[in-house]
Amino acid sequence: MYSELYKAWKSEKTNIVPQPLPSDFYQRATAFVKNLEDELSSADTNTLQSRLLAREMSISKRLLNDLKQARLHKIISGVQSHIPIQTGNLIGEEIALNANISQSLSSLSQEHQQLAQDNSANPLTTVRFLQDIPEIVGVDLKIYGPFNKEDVASLPLANAQALEKQGAVKAVEVKNVS
């Protein structure tokens, strides 16, 4: 199993996309490392054999962890770069992880687009304050203020209209100065 783990690690490190692995690879590699741990716990710690066993276990753990990290990084990078990853090269939880990351990034992208549309749907208008006003939260979820009487500021149109109905502001017409 050690040579198979090393070959998989080396292949993963020398390629930019996840390499194919047997579907039971992680289970067998984990069992191999567990077996080494068990052997080491029952071995005499002062012998050359136990020191070699400890070294093999340490290297095997490092290779397995590095292999998993490299594959995870490739999955995340592929999704971010919109590079399709062949799911045939992924095993077990990697397939679900790839799908979940793709779905999450897609959802996040849609939310950003919706937020950009919402912000463009909330144009700003300039108003003059007729009284002191504490901080307010705009319809765009930004904080505006506090404002003092006679301040001039730009607010989302919906907020400005509501304050104007209350008699707290007056719309100001701004002309281009060219």
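Where a number appears in this text, it was derived from the coordinates with a stated rule and is not lab data. Just so we're clear, the structure is a prediction, and the values are computed from it rather than from any experiment. Backbone-built Cβ (ideal geometry, glycine too); neighbour counts: all protein chains shown.
Grab every C-alpha pair in the chain, bin the distances at 5 angstrom width from 0 up to the longest one, and report whole percents.
Once binned at 5 Å, the Cα pair distances of the chain give 1, 7, 11, 11, 8, 7, 6, 5, 5, 6, 6, 6, 6, 5, 4, 3, 2, 1.
Put a dot 7 Å past each Cα toward the Cβ at SER106 and LEU52; how far apart are the dots in nm?
Distance between label points: 5.3 nm.
With Kirkwood's inverse mean 1/r over C-alpha pairs for Rh, give me the Rg to Rh ratio of the range 126-178, two decimals please.
Dividing the radius of gyration by the Kirkwood radius yields 0.97.
Out of residues 5 or more away from VAL139 or on other chains, whose amide H comes under 5 Å of its own, with H placed 1.01 Å from N in the peptide plane?
For VAL139, the qualifying residues are ASN159.
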